[in-house]
1. Indicate the gyration tensor shape class of region 64-109 (rounded, prolate or oblate), computed on the Cα atoms with a ≥ b ≥ c the square roots of the eigenvalues: a/c under 1.5 is rounded; otherwise a/b larger than b/c is prolate and the rest oblate.
2. Which of the peptides 99-108, 202-211, 144-153, 8-17 is most tightly packed, and how do the rest follow, judged by the mean count of other Cβ atoms within 10 Å per residue?
3. Give me the mean projected area, in nm² to one decimal, of the convex hull enclosing the Cα positions of the chain.
4. Could you tell me whether region 146-217 comes out rounded, prolate or oblate from its Cα gyration tensor? Rule is a ≥ b ≥ c as square roots of the eigenvalues, rounded for a/c under 1.5, then prolate if a/b exceeds b/c, otherwise oblate.
5. Helix 48-62 versus the longest principal axis of the chain: what is the Cα-based angle in degrees, 0 to 90, to the nearest 10?
6. With label points built 7 Å along Cα→Cβ from the Cα atoms of Leu120 and Ile191, find their separation and express it in nm.
7. Among rounded, prolate and oblate, which fits region 1-64 when a ≥ b ≥ c are the square roots of the eigenvalues of its C-alpha gyration tensor, a/c under 1.5 means rounded, and a/b larger than b/c means prolate?
8. How would you order 218-227, 184-193 from highest to lowest mean count of nearby Cβ atoms within 10 Å?
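Just so it is clear, none of the values below were taken in a lab; they were calculated from the coordinates. Not measured: the values here are computed from a predicted model. Virtual Cβ from ideal backbone geometry, glycine too; neighbours counted across all protein chains shown.
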Amino acid sequence: MGKPKLVALTGAGISVESGLSTFRDAGGYWDNYRVEDVATPEGLARNPEMVLNFYNGLRAKLADIKPNDGHKALVRLEQYFDVYVVTQNVDNLHEQAGSRNVVHLHGELTKVRSIANENLIYDIGYKPIKMGDKAEDGQQLRPHIVFFGEGVPEMERAIPLAEQADVFVVIGTSLNVYPAAGLLRYTRREIPKFIIDPKMVPYPTDENYTFIQKSAGEGGRILEQKLKELYKLGD
Ligand code: APR
């Protein structure tokens, strides 16, 4: 019998204490950039240089930031649970913290792909890409990021994880964006569920949710405590 399965759906909020902005809080990315300019296929077609530079800027930031207690709480829980992180974030902070099972629903900043073939993916770390940088098919490289209006193929991996979860945790997401936010609907009704967010977010009130109205770092520590009590885990 393996360990109980804990599935965590995370969003931009879990990376705030590492110094990254969210998208929809005051001062967030969508306050400073138009989604249609930097996060849609039309925007990429209209002004590829600006889009490449937007993500080059975000990618360069990754070199200077570190995981915080929120990311680390999920790693510590791996001693008691099989932990699967399903993240909407394109940063690599879960991996930097040591999480072994991470599904990126919206892509990854450290990866780029052929504009003509989404299976030609290259890991470029924190380096920039520019117009004229080509994939092996001779086509321009673009960020391996899911733009609005594009498919979210990783949901195929995330849905079975949510269905099999024994514990479900939501950390740092406004649950505004689908299909990611729809993942809550695939969890079994009776399992324990937790939401960690300093602000109130909408969630199904007819299910077994505990709302921890704290930041990811402090909320992560409270979550650990609550799970230790619930599962009678040693110290
Ligand atoms: N700790 C935990 N949560 C926090 C913190 C913090 N320190 N600070 C803010 N939050 C919460 C906010 O209250 C909000 O509920 O994080 C959430 C961030 O919500 P959004 O900015 O909407 O980010 P997210 O939900 O990840 O957006 C989903 O939208 O633009 C697209 O692709 C992009 O993946 C992104 C998706």
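1. Working: a/c = 2.57, a/b = 1.31, b/c = 1.96.
The shape class here is oblate.
2. Working: 99-108: 19.7, 202-211: 12.7, 144-153: 15.7, 8-17: 26.1.
Output ranking for 99-108, 202-211, 144-153, 8-17: 8-17, 99-108, 144-153, 202-211.
3. Numbers: hull surface 51.6 nm².
Taking a quarter of the hull surface, the average projection is 12.9 nm².
4. Values: a/c = 2.05, a/b = 1.25, b/c = 1.64.
In terms of gyration-tensor shape, oblate.
5. Once rounded, the angle reads 40 degrees.
6. Placing both labels 7 Å along Cα→Cβ, they lie 3.9 nm apart.
7. Values: a/c = 2.22, a/b = 1.89, b/c = 1.17.
Cα axes put region 1-64 in the prolate bin.
8. Details: 218-227: 18.9, 184-193: 15.7.
Going from most to least packed, we get 218-227, 184-193.
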